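The values are calculated or read from the model by the stated rules, or taken from the named source; none is laboratory data. Because the structure is a prediction, the values reported are computed rather than measured. Here Cβ is always computed from backbone atoms with ideal geometry, including for glycine, and neighbour counts include all displayed protein chains.
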Amino acid sequence: MLVIGGSASTSLAEKVAQNLGAPNVILNTKKFPDGEKYVRIPYPVKGEDVAVIQSTGRRPDEYLMEYFLIADTLRDLGARKVFAVIPYFAYARQDKCFNPGEALSFETIAKMIEKVGTSEVYTIDIHLHRVTHVSKLFTIPAYNLTAVPLLAEYIQKNFDLVKPMIVGPDEEAGQWAKTASKVLGISYDVLEKRRLGPDKVEIKPRTLAVANRDVIIIDDIISTGGTIIEAVSAVKKEGARRVIVACTHPILVNNALEKIYETGADHVIGTDTLPTPISYVSVAPVIADAIKEKQAT
Ligand code: R5P
(Lines give C-alpha, C1' and ligand atoms only; values in the text may rest on other atoms or scores of the structure.)
Protein backbone atom coordinates (compact mmCIF):
# COMPACT_ATOMS: atom_id res chain seq x y z
CA MET A 1 0.00 0.00 0.00
CA LEU A 2 1.20 3.51 -0.89
CA VAL A 3 -0.32 6.87 -0.02
CA ILE A 4 -0.22 9.94 -2.27
CA GLY A 5 -1.48 13.35 -1.13
CA GLY A 6 -2.92 15.65 -3.75
CA SER A 7 -2.07 19.31 -3.24
CA ALA A 8 -5.27 19.89 -1.24
CA SER A 9 -4.35 17.28 1.37
CA THR A 10 -0.57 16.94 1.76
CA SER A 11 -0.51 17.06 5.54
CA LEU A 12 -3.53 14.76 5.97
CA ALA A 13 -1.90 12.28 3.55
CA GLU A 14 1.24 12.20 5.70
CA LYS A 15 -0.87 11.35 8.76
CA VAL A 16 -2.86 8.68 6.90
CA ALA A 17 0.41 7.11 5.71
CA GLN A 18 1.71 7.08 9.31
CA ASN A 19 -1.53 5.46 10.50
CA LEU A 20 -1.30 2.83 7.76
CA GLY A 21 2.45 2.30 8.17
CA ALA A 22 2.75 2.93 4.41
CA PRO A 23 5.15 5.12 2.39
CA ASN A 24 3.86 8.63 1.70
CA VAL A 25 4.73 9.40 -1.92
CA ILE A 26 5.38 13.08 -2.53
CA LEU A 27 3.70 14.20 -5.70
CA ASN A 28 5.43 16.54 -8.11
CA THR A 29 2.92 19.14 -9.21
CA LYS A 30 3.02 22.64 -10.64
CA LYS A 31 0.85 25.03 -12.59
CA PHE A 32 1.70 26.23 -16.08
CA PRO A 33 1.43 29.97 -16.74
CA ASP A 34 -1.96 29.45 -18.43
CA GLY A 35 -3.39 27.72 -15.34
CA GLU A 36 -3.07 24.10 -16.53
CA LYS A 37 -1.87 21.51 -14.01
CA TYR A 38 1.28 19.38 -14.31
CA VAL A 39 1.45 16.14 -12.32
CA ARG A 40 4.29 13.64 -11.96
CA ILE A 41 4.48 10.60 -9.68
CA PRO A 42 8.19 10.08 -9.02
CA TYR A 43 7.90 6.60 -7.45
CA PRO A 44 7.45 3.04 -8.73
CA VAL A 45 3.78 2.10 -8.34
CA LYS A 46 3.49 -0.99 -10.56
CA GLY A 47 1.41 -3.65 -8.83
CA GLU A 48 0.73 -1.43 -5.80
CA ASP A 49 -2.55 -0.42 -4.16
CA VAL A 50 -2.47 3.36 -3.88
CA ALA A 51 -4.63 5.59 -1.68
CA VAL A 52 -4.88 9.08 -3.18
CA ILE A 53 -5.92 11.61 -0.55
CA GLN A 54 -7.46 14.68 -2.15
CA SER A 55 -10.09 16.89 -0.56
CA THR A 56 -12.06 19.11 -2.91
CA GLY A 57 -12.98 22.18 -0.87
CA ARG A 58 -12.48 25.84 -1.86
CA ARG A 59 -10.95 25.09 -5.30
CA PRO A 60 -13.11 22.08 -6.22
CA ASP A 61 -12.50 22.13 -9.98
CA GLU A 62 -8.73 22.37 -9.66
CA TYR A 63 -8.51 19.62 -7.03
CA LEU A 64 -10.85 17.31 -8.90
CA MET A 65 -8.86 17.76 -12.12
CA GLU A 66 -5.67 17.02 -10.20
CA TYR A 67 -7.26 13.84 -8.83
CA PHE A 68 -8.23 12.75 -12.35
CA LEU A 69 -4.64 13.28 -13.56
CA ILE A 70 -3.16 11.39 -10.58
CA ALA A 71 -5.54 8.42 -10.84
CA ASP A 72 -5.19 8.07 -14.61
CA THR A 73 -1.39 8.28 -14.34
CA LEU A 74 -1.34 5.64 -11.59
CA ARG A 75 -3.28 3.32 -13.88
CA ASP A 76 -0.92 4.06 -16.80
CA LEU A 77 2.02 3.23 -14.52
CA GLY A 78 0.48 -0.14 -13.62
CA ALA A 79 -0.91 0.46 -10.11
CA ARG A 80 -3.08 -2.52 -9.06
CA LYS A 81 -5.83 -0.51 -7.34
CA VAL A 82 -6.49 3.19 -6.89
CA PHE A 83 -8.48 4.33 -3.87
CA ALA A 84 -10.01 7.80 -4.16
CA VAL A 85 -9.99 9.22 -0.64
CA ILE A 86 -12.00 12.43 -0.98
CA PRO A 87 -12.55 13.62 2.60
CA TYR A 88 -14.64 16.63 1.53
CA PHE A 89 -16.63 15.68 -1.56
CA ALA A 90 -17.51 18.78 -3.55
CA TYR A 91 -20.65 19.11 -5.66
CA ALA A 92 -22.67 16.74 -3.41
CA ARG A 93 -25.19 19.50 -2.71
CA GLN A 94 -26.19 19.67 -6.39
CA ASP A 95 -27.85 16.26 -6.21
CA LYS A 96 -30.97 17.28 -8.09
CA CYS A 97 -31.97 19.51 -10.98
CA PHE A 98 -33.70 22.24 -9.00
CA ASN A 99 -34.48 24.10 -12.25
CA PRO A 100 -34.85 22.71 -15.78
CA GLY A 101 -31.56 22.45 -17.65
CA GLU A 102 -29.31 22.37 -14.59
CA ALA A 103 -26.30 20.05 -14.41
CA LEU A 104 -26.69 17.12 -12.05
CA SER A 105 -23.18 17.81 -10.80
CA PHE A 106 -23.01 15.13 -8.10
CA GLU A 107 -23.58 12.38 -10.68
CA THR A 108 -21.23 13.88 -13.26
CA ILE A 109 -18.35 14.00 -10.76
CA ALA A 110 -19.02 10.40 -9.71
CA LYS A 111 -18.92 9.24 -13.35
CA MET A 112 -15.61 11.03 -13.93
CA ILE A 113 -14.05 9.53 -10.77
CA GLU A 114 -14.90 6.05 -12.07
CA LYS A 115 -13.80 6.80 -15.62
CA VAL A 116 -10.17 7.48 -14.60
CA GLY A 117 -9.78 3.98 -13.16
CA THR A 118 -10.69 4.46 -9.49
CA SER A 119 -11.22 1.12 -7.73
CA GLU A 120 -12.92 2.33 -4.52
CA VAL A 121 -14.11 5.63 -3.05
CA TYR A 122 -13.78 6.76 0.58
CA THR A 123 -15.36 9.99 1.76
CA ILE A 124 -16.34 11.52 5.09
CA ASP A 125 -19.73 12.89 6.17
CA ILE A 126 -20.63 13.50 2.55
CA HIS A 127 -23.67 15.72 2.09
CA LEU A 128 -26.37 13.18 1.34
CA HIS A 129 -29.87 14.46 0.93
CA ARG A 130 -31.84 13.14 -2.01
CA VAL A 131 -29.16 10.54 -2.78
CA THR A 132 -29.50 8.48 0.37
CA HIS A 133 -26.33 6.40 0.16
CA VAL A 134 -23.03 7.16 -1.56
CA SER A 135 -22.93 3.64 -3.04
CA LYS A 136 -25.99 4.56 -5.14
CA LEU A 137 -23.86 6.99 -7.13
CA PHE A 138 -21.10 4.56 -8.08
CA THR A 139 -20.77 1.12 -9.65
CA ILE A 140 -17.50 0.62 -7.69
CA PRO A 141 -17.42 0.22 -3.87
CA ALA A 142 -17.95 3.59 -2.14
CA TYR A 143 -17.88 4.22 1.60
CA ASN A 144 -19.11 7.18 3.61
CA LEU A 145 -17.17 7.43 6.89
CA THR A 146 -17.93 9.77 9.76
CA ALA A 147 -15.83 12.13 11.85
CA VAL A 148 -18.64 12.99 14.26
CA PRO A 149 -17.64 10.56 17.06
CA LEU A 150 -14.10 12.07 17.02
CA LEU A 151 -15.54 15.60 17.19
CA ALA A 152 -17.75 14.59 20.12
CA GLU A 153 -14.81 12.96 21.94
CA TYR A 154 -12.70 16.07 21.38
CA ILE A 155 -15.41 18.24 22.93
CA GLN A 156 -15.80 15.87 25.87
CA LYS A 157 -12.03 15.91 26.55
CA ASN A 158 -11.50 19.65 26.15
CA PHE A 159 -14.55 21.31 27.71
CA ASP A 160 -16.03 21.06 31.15
CA LEU A 161 -19.61 20.99 29.91
CA VAL A 162 -22.48 22.36 32.02
CA LYS A 163 -25.90 20.74 31.41
CA PRO A 164 -24.93 20.21 27.75
CA MET A 165 -27.29 19.69 24.88
CA ILE A 166 -26.73 19.19 21.14
CA VAL A 167 -28.55 21.15 18.44
CA GLY A 168 -28.57 20.42 14.71
CA PRO A 169 -29.24 23.56 12.63
CA ASP A 170 -31.60 21.73 10.26
CA GLU A 171 -33.32 18.43 9.70
CA GLU A 172 -30.37 16.95 7.75
CA ALA A 173 -28.06 17.69 10.66
CA GLY A 174 -30.28 15.47 12.82
CA GLN A 175 -28.12 12.44 11.91
CA TRP A 176 -24.93 14.09 13.17
CA ALA A 177 -26.65 15.50 16.27
CA LYS A 178 -27.93 12.00 17.05
CA THR A 179 -24.50 10.37 16.62
CA ALA A 180 -22.84 13.01 18.83
CA SER A 181 -25.59 12.69 21.43
CA LYS A 182 -24.95 8.93 21.67
CA VAL A 183 -21.21 9.44 22.17
CA LEU A 184 -21.73 12.13 24.81
CA GLY A 185 -24.81 10.55 26.40
CA ILE A 186 -26.84 13.78 26.21
CA SER A 187 -30.02 14.91 24.46
CA TYR A 188 -30.35 16.64 21.10
CA ASP A 189 -32.81 18.71 19.13
CA VAL A 190 -32.95 20.08 15.58
CA LEU A 191 -33.97 23.45 14.18
CA GLU A 192 -35.99 24.14 11.07
CA LYS A 193 -34.09 25.94 8.30
CA ARG A 194 -35.16 27.49 5.02
CA ARG A 195 -32.51 28.49 2.46
CA LEU A 196 -33.16 31.91 0.93
CA GLY A 197 -29.97 32.09 -1.18
CA PRO A 198 -26.39 30.74 -1.39
CA ASP A 199 -25.34 32.61 1.76
CA LYS A 200 -28.67 33.42 3.40
CA VAL A 201 -30.83 31.10 5.48
CA GLU A 202 -33.74 31.60 7.83
CA ILE A 203 -34.27 29.55 10.97
CA LYS A 204 -37.82 29.22 12.22
CA PRO A 205 -38.11 30.79 15.68
CA ARG A 206 -39.12 28.36 18.41
CA THR A 207 -38.68 27.73 22.11
CA LEU A 208 -35.68 25.51 22.85
CA ALA A 209 -34.75 23.98 26.19
CA VAL A 210 -31.28 25.59 26.16
CA ALA A 211 -31.48 28.30 28.87
CA ASN A 212 -28.35 28.30 31.08
CA ARG A 213 -27.01 25.23 29.29
CA ASP A 214 -23.91 24.65 27.17
CA VAL A 215 -25.07 24.07 23.62
CA ILE A 216 -23.11 22.13 20.99
CA ILE A 217 -24.25 23.00 17.47
CA ILE A 218 -23.16 20.37 14.98
CA ASP A 219 -23.30 20.30 11.18
CA ASP A 220 -21.45 18.66 8.29
CA ILE A 221 -20.26 21.82 6.51
CA ILE A 222 -19.57 25.42 7.43
CA SER A 223 -19.23 27.26 4.13
CA THR A 224 -20.42 30.89 4.25
CA GLY A 225 -21.44 30.38 7.88
CA GLY A 226 -25.01 31.50 7.09
CA THR A 227 -26.54 28.38 8.65
CA ILE A 228 -24.44 28.38 11.81
CA ILE A 229 -24.82 32.14 12.34
CA GLU A 230 -28.61 31.77 12.40
CA ALA A 231 -28.40 28.72 14.67
CA VAL A 232 -26.05 30.47 17.12
CA SER A 233 -28.35 33.48 17.28
CA ALA A 234 -31.38 31.24 17.85
CA VAL A 235 -29.83 29.44 20.84
CA LYS A 236 -28.35 32.66 22.26
CA LYS A 237 -31.81 34.27 22.11
CA GLU A 238 -33.15 31.34 24.12
CA GLY A 239 -30.50 31.92 26.83
CA ALA A 240 -27.77 29.36 26.03
CA ARG A 241 -24.83 29.63 28.44
CA ARG A 242 -21.94 28.73 26.12
CA VAL A 243 -22.10 27.83 22.44
CA ILE A 244 -19.64 25.35 20.94
CA VAL A 245 -19.90 24.86 17.19
CA ALA A 246 -18.53 21.71 15.54
CA CYS A 247 -18.38 20.65 11.91
CA THR A 248 -16.61 18.04 9.82
CA HIS A 249 -15.80 20.29 6.85
CA PRO A 250 -14.65 23.85 7.67
CA ILE A 251 -14.80 25.34 4.19
CA LEU A 252 -15.04 28.81 5.78
CA VAL A 253 -15.49 31.26 2.90
CA ASN A 254 -16.26 35.01 3.12
CA ASN A 255 -14.91 35.46 6.69
CA ALA A 256 -17.35 32.86 7.99
CA LEU A 257 -15.31 32.17 11.13
CA GLU A 258 -15.11 35.82 12.22
CA LYS A 259 -18.85 36.25 11.62
CA ILE A 260 -19.69 33.14 13.68
CA TYR A 261 -17.60 34.41 16.62
CA GLU A 262 -19.19 37.88 16.30
CA THR A 263 -22.63 36.24 16.57
CA GLY A 264 -21.67 34.85 19.97
CA ALA A 265 -20.15 31.39 19.47
CA ASP A 266 -17.52 30.65 22.13
CA HIS A 267 -15.64 27.94 20.23
CA VAL A 268 -15.65 26.64 16.67
CA ILE A 269 -14.12 23.24 15.99
CA GLY A 270 -13.53 21.43 12.72
CA THR A 271 -11.52 18.56 11.28
CA ASP A 272 -8.61 18.45 8.86
CA THR A 273 -10.69 17.29 5.87
CA LEU A 274 -9.76 20.88 4.99
CA PRO A 275 -6.69 22.42 6.63
CA THR A 276 -7.78 25.52 8.62
CA PRO A 277 -6.92 27.23 11.91
CA ILE A 278 -9.83 25.34 13.53
CA SER A 279 -8.87 21.87 12.23
CA TYR A 280 -8.31 20.50 15.75
CA VAL A 281 -9.48 16.97 14.98
CA SER A 282 -7.67 14.75 12.48
CA VAL A 283 -9.66 12.33 10.33
CA ALA A 284 -6.50 10.34 9.49
CA PRO A 285 -7.35 7.44 11.86
CA VAL A 286 -10.89 7.22 10.45
CA ILE A 287 -9.51 6.92 6.90
CA ALA A 288 -6.68 4.52 7.78
CA ASP A 289 -8.94 2.23 9.85
CA ALA A 290 -11.54 2.09 7.06
CA ILE A 291 -8.94 1.23 4.41
CA LYS A 292 -7.43 -1.47 6.65
CA GLU A 293 -10.84 -2.92 7.44
CA LYS A 294 -12.13 -2.97 3.86
CA GLN A 295 -8.92 -4.44 2.48
CA ALA A 296 -8.91 -7.17 5.13
CA THR A 297 -12.40 -8.39 4.18
C1 R5P B 1 -26.66 22.16 4.12
O2 R5P B 1 -27.76 21.67 4.31
C3 R5P B 1 -25.45 21.78 4.90
O4 R5P B 1 -25.68 20.74 5.79
C5 R5P B 1 -24.86 22.97 5.62
O6 R5P B 1 -25.75 23.39 6.62
C7 R5P B 1 -24.59 24.09 4.68
O8 R5P B 1 -23.96 23.61 3.52
C9 R5P B 1 -23.71 25.13 5.31
O10 R5P B 1 -23.50 26.15 4.39
P11 R5P B 1 -23.39 27.66 4.87
O12 R5P B 1 -22.30 27.71 5.89
O13 R5P B 1 -23.06 28.42 3.63
O14 R5P B 1 -24.73 28.05 5.42
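For segment 70-99, name all the residues that are at pLDDT 95 or above, in a loop (DSSP other than H, G, I, E, B) and surrounded by fewer than 18 Cβ atoms within 10 Å (Cβ to Cβ).
Result: Leu77, Gly78, Arg80.
Just a yes or no: is a residue in segment 242-250 charged (D, E, K, R), outside the structural domain of Ile124 (by TED's automatic domain parsing) and within 14 Å of the ligand (Cβ to nearest atom)?
Taking every residue of segment 242-250 in turn, none turns out to be charged (D, E, K, R), outside the structural domain of Ile124 (by TED's automatic domain parsing) and within 14 Å of the ligand (Cβ to nearest atom).
Going by the structure shown, is Val148 at pLDDT 95 or above, buried (at least 18 other Cβ atoms within 10 Å of the Cβ) and β-branched (Val, Ile, Thr)?
Values: at pLDDT 95 or above: yes; buried (at least 18 other Cβ atoms within 10 Å of the Cβ): yes; β-branched (Val, Ile, Thr): yes.
Yes.
So in segment 203-223, with the set limited to residues that are modelled with pLDDT under 90 and exposed (fewer than 13 other Cβ atoms within 10 Å of the Cβ), which one is farthest from the ligand (Cβ to nearest atom)? Even if it seems obvious, please write down each step before you answer.
Applying the first criterion (modelled with pLDDT under 90) to segment 203-223 yields 203-208.
Okay, now just the ones that are also exposed (fewer than 13 other Cβ atoms within 10 Å of the Cβ), so 204-207.
On the way: Lys204: 15, Pro205: 18, Arg206: 18, Thr207: 22 Å.
Applying the filter and picking the extreme gives Thr207.
Can you report the number of residues in segment 11-62 which are assigned to a helix (DSSP H, G or I), of a type in the set (S, T, N, Q) and farther than 13 Å from Val85 by Cβ?
Of the residues in segment 11-62, the ones assigned to a helix (DSSP H, G or I) are 11-20, 60-62.
This time we only want the ones that are of a type in the set (S, T, N, Q), so: 11, 18-19.
Going one step further and asking which of them are farther than 13 Å from Val85 by Cβ, we end up with 11, 18.
Adding up the residues that qualify gives 2.
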